[in-house]
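Please read the structure below before turning to the comments.
The values are calculated or read from the model by the stated rules, or taken from the named source; none is laboratory data. What you are looking at is a predicted structure, and each value in this text was computed from that prediction instead of being measured. Reconstructed Cβ throughout: ideal geometry from the backbone, glycine too, with neighbour counts over all protein chains shown. Accessible surface is based on the protein model in full, side chains and every heavy atom, while ligands, DNA and RNA are left aside. Shrake-Rupley method; radii C 1.70, N 1.55, O 1.52, S 1.80 Å.
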Amino acid sequence: GCCFDCAAPCAEDPWASVNHAVRLCIRCAGAHRALGVHISFVRSLQLDELSAAEMATMARGGNDRCREFLEAKGVPRRVWLALALPLRYQTPAADLYRRVLAAEAAGEEVPTEMRAVALPP
């Protein structure tokens, strides 16, 4: 598998943003950690033991599903990659994707509406 954010190979040392259910390389995982756990909860797929809820979220996601979701919400891959990494994950589309995955994993009603989000300073 390769990193969702930079496409670097990451099979040797895979990391994940659990609440986006995407695989990351160690470099991008470090950038995600700086976003805060409310935006991106980062775990090593080799060193950390995922909880049942985290595993359920990861099973519902994946790099392809995240990419397809964003594109369906009007955020093509080229636009996503043009944004600075901290901004990507604080867009209304990324916020909705996090909420969709969380609701699915919890067996709750899945949200469909994007909402305004506060951008970082």
note = Sequence order, segment 45-62: Karplus ³J(HN,Hα) from phi using 6.51 cos²θ - 1.76 cosθ + 1.60, θ = phi - 60°, Hz rounded, Gly and Pro as x, gives 7, 10, 9, 9, 9, 7, 6, 4, 5, 5, 5, 5, 5, 4, 5, 8, x, x
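Give me the percent relative contact order of the chain, please, defined on Cα pairs under 8 angstrom at least 6 residues apart.
On the way: 181 pairs, mean separation 26.6, N = 121.
Over the chain, the number comes to 22 percent.
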query = So how strong a dipole does the chain carry about its Cα centre when Lys and Arg Cβ are +1 and Asp and Glu Cβ are -1, to the nearest 20 debye?
reply = 420 debye
query = In whole percent, how big is the carbon plus sulfur part of the accessible area of the chain, probe 1.4 Å, protein atoms only?
reply = 58 percent
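Quick check on the chain: helices-only [θ] at 222 nm, where DSSP H runs of length 4 and up contribute -39,500 (n - 2.57) each and the sum goes over total residues. Nearest 500, please. Can you show the working numbers first?
Working: 6 runs with 52 residues, N = 121.
Roughly -12000 deg cm²/dmol at 222 nm, from the helical runs in the chain.
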message = Here are labelled values, [x] 15.1; [y] 25.5; [z] 14.4, and one is the computed Kirkwood radius over Cα pairs in Å for what I pasted. Which one?
response = [z]
